[in-house]
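Enquirer: There's a structure below that I have some questions on.
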Amino acid sequence: MSVRFWDPDGITFGIPTYPWRLAPDGLATRRQLRIRGLRPGGQDIAAQILRPRRRRAPLTAYLYRIDLARPVRPMTPARWAALAKANAARRRCPECHGDAGYVIPPTLGMCVTCAFPEEQRAA
């Protein structure tokens, strides 16, 4: 346990801060809220958790109050369609205009076949 991150009054860090795995009951991260079918719902950050790392800045996880969280909005047919369209655009190659069948890596900017045509001919 790292005592230097124990600041439940928020004097040192500006908001209540707790060491890793020692957050009080009633607070949860966004991911923990999502597992429960909840979302922060516009509330401010209630606290934070800091996890120490060697030779780097500590990892930060923001906490929200569970009692103020709201239910996750349900997916409507229009939202499902928009999500499908966005994912299809991520699979479309700008060079050959074909569906790659996978999300095109941003580092390449095109499908593997267009990025490395020499290697495709050799195979």
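Enquirer: Which residues, taken from region 11-30, are surrounded by 15 or more Cβ atoms within 10 Å (Cβ to Cβ) and either among the hydroxyl-bearing types (S, T, Y) or assigned to a strand (DSSP E or B) (or both)?
Expert: Within region 11-30, T17, Y18, P19, L27, A28, T29 qualify.
Enquirer: State all residues of region 74-106 that are modelled with pLDDT of 95 or more and closer than 24 Å to L38 by Cα; if no residue qualifies, say none.
Expert: Of everything in region 74-106, those that are modelled with pLDDT of 95 or more and closer than 24 Å to L38 by Cα turn out to be T76, P77, A78, R79, W80, A81, A82, L83, A84.
Enquirer: On to the next question. Would you pick out the residues in region 31-55 that are loosely packed, with under 15 Cβ neighbours inside 10 Å and not in a strand (DSSP E or B)?
Expert: Taking region 31-55 as the starting set, the residues that turn out to be loosely packed, with under 15 Cβ neighbours inside 10 Å are 31, 34-37, 41-45, 51-55.
Within region 31-55, R31, R34, I35, R36, G37, G41, G42, Q43, D44, I45, R54, R55 qualify.
Enquirer: Consider only pairs whose beta carbons are under 9 Å apart and that are at least six residues apart or on different chains; among these, list those whose first residue lies in region 15-32 and is within 12 Å of Y64 (Cα to Cα) and in contact (Cβ under 8 Å) with a residue 24 or more places away in the chain and whose second residue is open to solvent by 50 Å² or more (accessible area, probe 1.4 Å) and among the basic types (K, R).
Expert: Within 9 Å, the pairs are G26/R65; L27/R65; A28/R36; A28/R65; R30/R39.
The values are calculated or read from the model by the stated rules, or taken from the named source; none is laboratory data. Please read all numbers here as calculations on a predicted model, not as lab measurements. For neighbour counting, all protein chains shown are included, and Cβ atoms are generated from backbone atoms with ideal geometry for every residue, glycine included. Accessible surface is based on the protein model in full, side chains and every heavy atom, while ligands, DNA and RNA are left aside. Shrake-Rupley method; radii C 1.70, N 1.55, O 1.52, S 1.80 Å.
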